[in-house]
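The values are calculated or read from the model by the stated rules, or taken from the named source; none is laboratory data. The structure displayed is predicted, hence computed values, not measured ones. We place every Cβ from the backbone using ideal geometry, glycine too, and count neighbours over all the protein chains shown.
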Amino acid sequence: MFPESSKESLHENRPMVSITISVPADVEDSMKKIALLRGFTEYQAMLKSYINEGLRRDEYRYSGISMARFIEALKEYGVPDTVIQQATRNLIEP
């Protein structure tokens, strides 16, 4: 069900690369504050988490999985339409 790239992302010892981005100073300040509230000791770890979450969501969205086929399978298992509709909205809307 997961794309191969998502399966590979579950491995701990993956090769790493460094990237550099520039953000406004106030954004960095906000990241530091939110990171502490979310239980991260460093905002960089939280930023990696944000990237990972968004990337995995988009990989799923664009992985070629037939949403219609998946929805039909959920209906066959008795999942209510209201639940399917809400879950579908949550996948599409960030």
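Could you list, in sequence order, all residues of the range 75-94 that are exposed (fewer than 12 other Cβ atoms within 10 Å of the Cβ), free of Cβ contacts under 8 Å to residues at least 12 places away in the same chain and assigned to a loop (DSSP other than H, G, I, E, B)?
Tyr77, Gly78, Pro80, Glu93
Pick from Glu4, Glu59, Glu72: which is modelled with pLDDT under 85, surrounded by 10 or more Cβ atoms within 10 Å (Cβ to Cβ) and on the phi < 0 side of the Ramachandran plot? It would help to see each step written out before you state the result.
Details: Glu4 fails: surrounded by 10 or more Cβ atoms within 10 Å (Cβ to Cβ); Glu72 fails: modelled with pLDDT under 85.
None of the others qualify; the one that does is Glu59.
Could you list all residues from the range 8-64 that are among the aromatic types (Phe, Trp, Tyr) and touching a residue at least 40 places away in the same chain (Cβ under 8 Å)? Give the steps one after another, and end with the answer.
Step one: list which residues in the range 8-64 are among the aromatic types (Phe, Trp, Tyr), which gives 40, 43, 50, 60, 62.
Passing the criteria: only Tyr60.
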